[in-house]
Amino acid sequence: MTSTPHNRQPNIIDDTLLSAKLVNDASEAAPGLDPLKVIAGLLITILETIRDVKTSKKDWAAFGEHLSVQIKDIYDDLSRCPTPHSTELLVVLNTYEQKLENVLEKVRLTKGRGKFERWLNSRTDKEEIATLRRDVDTCWKDYMRKIIVQLHEAAYQIDEGVENVEKDTKPVEKDVKNVERDVKNVEASVDAIDDTSYLAKLVTLPSATGADHSTCLTGTRTGVLDYIRRWADHQDTVQVCWLTDVAGAGKSTIAKQLSGEWKSEGRLGGCFFFSKNHPDAANNQAFCDTIAAQLANNQPHLLPSIIDGIKAIGLVPSLYPFEEKLQKLVIQPVKDAAVVLVIDALDECDERDRDILLRNLLRSLTQVSRLKVLITSRLERDITELLGSYRSPAESLHDVRLKSNQDDIAMFFKHQMEPLVRSGDLTAEEVTQLANRVNCLFILASTACKVIQKSLTPRSRLQELMDTKQNVLGDINKLYLAILTKACQADQDGQSIGLEAPKKVIEVLQAILAAATPLSIATIDLLLGNQSTGRIVELLSSVLNVRHDGTVVILHPTFREFLEDKRTAGTFHIDITGAHELMAKGCLATMKRELRFNICRLESSFMRNKDVPDFKERISKYISDQLQYGCTYWLSHVTKSSPGLGKASGAAALEFVEGEFLLYWMEVSSALGVIPKMLKDLQETGRWCA
């Protein structure tokens, strides 16, 4: 009768245990096998302990079977290897013994866990087993090398005067060749992995490549663009160019313009646009991976070096220290390449992370004399300390005294307002007056243009902006306040958002600011439990951006800073911890409303996700966007709430994981592939609640 998958695991353990005991008995009886006695005894203890393990038993059993095969091979090798054994061989066998002791310790810890702790660590167990196996296999390769040497020596140290020397040595030589062949086969199988598949191990951020930014309007910013082009063209200039100015001056637009030019010329290595709109792009965690992936695409001849770097840092690049990742994935591949890297909005990167990035990058410049790096940022103290000597001497981008800046602003307004002038909604003279009134700051000009363009009565809206009493065209914060105030009033159609307009506007902005990943209008509506998001986003279209995928983000970081500063935002001030509390409640309500058993409607619970042919389609069909978001980021919002505000959320979290929804949540998390994040967030929530 064929054994079922359910009863197969005990059979594996029993069969492996029997084999281990046979090896142990043989090593006790045979001379010259002393090094094997302790190893075989350890394996027996490991296997007997695995019998009682409740978590990841299949993985532990397979690992035990793997160890048994290795130890059987050691028995066969030592049985035909003359004594005394070499010191090198004994040392590596002792190391192998220590590795098995580590395995035994881990198995015992797993066996002693309670039910909830077993569930909490199930994913971690698989990772630990994989790590243990790699450690043991590394030691095993060392053993193979040493045993080959000893068998060779045994073959050639036999007395040449013995008549049967050829007969005696041939089996040994044959065994040596077999072992050498096996080792080569193992190494060949590893090297045979398709090199390009290594690129898939990089954790890249498409959102950090500048897709949200536009290029310069033709004829504008010519002075600073020409300066940076000359800097990049000449190898005798400094390797770093730091373009710094106030927020909203147009630095990112310049970075996008130049990175596009250098890419078309085949000179771009890679670019990284930091952004607080995308939490993953507000730290340095994905910097090296993203740049390396772009290097492989933009400079194909560097691909072998990049793959070597990925191999050197192991199977999980994201867990490697930043300094070594930078060396292996970026610096070493571009060692002899004349390429340019672009790092934009460095001030939007976490302060600690940007310090690590800058210090390691600057320290590495001596190794890559042909590399050029363009960095843009605001004039932050910590950045100035490190990049002060690399500051671009190009003229200020926002100085109203410079005619070039005045001309750029005028050209920008003329281009943006041209459709309204052609339609007769505005006159060319009105546009010129508007340009003259705007402070030479591109974010002011851009926002003012959007306010007018989105209005049903462009001329009246322009006149409101031109009101000297308000002076909104001279201060971006005043302009933002005017936009929000207008959104909360009755709109041009005579329809308002409602009596609670300010509250609804703030809630939508809270959701946008706190979102762990950009959300669509429909998803925000369902998480907040209202139907006003679309109208609010429409009214705030001059400061919010609906991207090509339908998600909503803050148009410029200055608007986020305005909202988070009580002095500038006033009644529209957003406490970010309160925003996370709001999102935590919305996520939890969504999960309670939508979670259910077998949510993907699978025909069998015994099938693995990857074995279901249409599994991705089922996820899209049965797990809504808001439920996907809630299951993935719910606890992240809980732990980012203030202790006072988040106390209720913490209690609700504990109640949730102890109730009927826990298994349903795990099912969705498994389908989405976020079990590791779920476990990490649970542990973080436990510490936060304590």
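Data for the structure
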| read-out | value |
| --- | --- |
| P(r) of the stretch 338-395 over all Cα-Cα pairs, binned every 5 Å from zero, in whole percent | 4, 16, 31, 28, 15, 6, 0 |
| The stretch 203-246: Cα Rg divided by the 2.2 N^0.38 Å rule of thumb | 1.48 |
| Fully extended contour minus Cα-Cα distance, from Thr384 to Ser642, at 0.36 nm per residue | 89.6 nm |
| Qualifying GluC sites (Glu not before Pro) for the stretch 253-333 [loop in DSSP, other Cβ within 10 Å: at most 14] | Glu265 |
| Efficiency of FRET between Gln453 and Glu395 - r from beta-carbon atoms, R0 25 angstrom, step 0.05 | 0.30 |
| Percent accessible area from carbon and sulfur atoms, the stretch 307-424, protein chains only, probe 1.4 Å | 49 |
| The stretch 209-301 shape via C-alpha gyration tensor axes, a/c threshold 1.5 | oblate |
| Accessible-area composition of the stretch 546-690, carbon plus sulfur, in percent [1.4 Å probe] | 55 |
| Which of Phe63, Phe597 is most accessible, then next, and so on - probe 1.4 Å | Phe597, Phe63 |
| Solvent-accessible area of Asp425 with every protein chain in place, 1.4 Å probe, in Å² to the nearest 10 | 60 |
| Label-point separation, Arg593 to Lys201 (7 Å along Cα→Cβ), nm | 4.3 |
| Sparse-neighbour loop sites [trypsin sites (Lys or Arg not before Pro); the stretch 369-411; at most 16 other C-beta within 10 Å; DSSP] | Arg370, Arg401 |
| Anchor Lys585: lysines whose Cα lies under 17 Å away (excluding residues fewer than 8 positions away in-chain) | Lys503, Lys504, Lys640, Lys647 |
| Above-threshold pairs, the threshold being 19 Å between Cα atoms, out of Lys146/Lys328; Lys251/Lys486; Lys414/Lys450; Lys57/Lys680 | Lys146/Lys328; Lys251/Lys486; Lys57/Lys680 |
| Of the trypsin sites (Lys or Arg not before Pro) in the stretch 428-489, those whose Cβ has at most 11 other Cβ within 10 Å and which sit in DSSP loop | Lys469 |
| Computed FRET value (nearest 0.05) for Thr485 with Asn102, which takes r as the C-beta separation and R₀ as 45 Å | 0.10 |
| Length gained when the stretch Asp236-Arg352 is fully extended (0.36 nm per residue, less Cα-Cα span) | 38.6 nm |
| Chain lengthening between Ser369 and Met411 when straightened (0.36 nm per residue, less Cα-Cα) | 11.2 nm |
| Over the stretch 452-587, equivalent-ellipsoid semi-axes from the Cα gyration tensor in Å | 25, 17, 14 |
| Computed label-point distance, nm, for sites Arg687 and Arg359 using a 7 Å Cα→Cβ extension | 2.2 |
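The values are calculated or read from the model by the stated rules, or taken from the named source; none is laboratory data. Computed from a predicted structure; not experimentally measured. Ideal geometry is used to build each Cβ from the backbone, glycine not excepted, and the neighbour counts take in all protein chains shown. Surface accessibility is based on the protein's heavy atoms, side chains included, excluding ligands, DNA and RNA. Shrake-Rupley method; radii C 1.70, N 1.55, O 1.52, S 1.80 Å.
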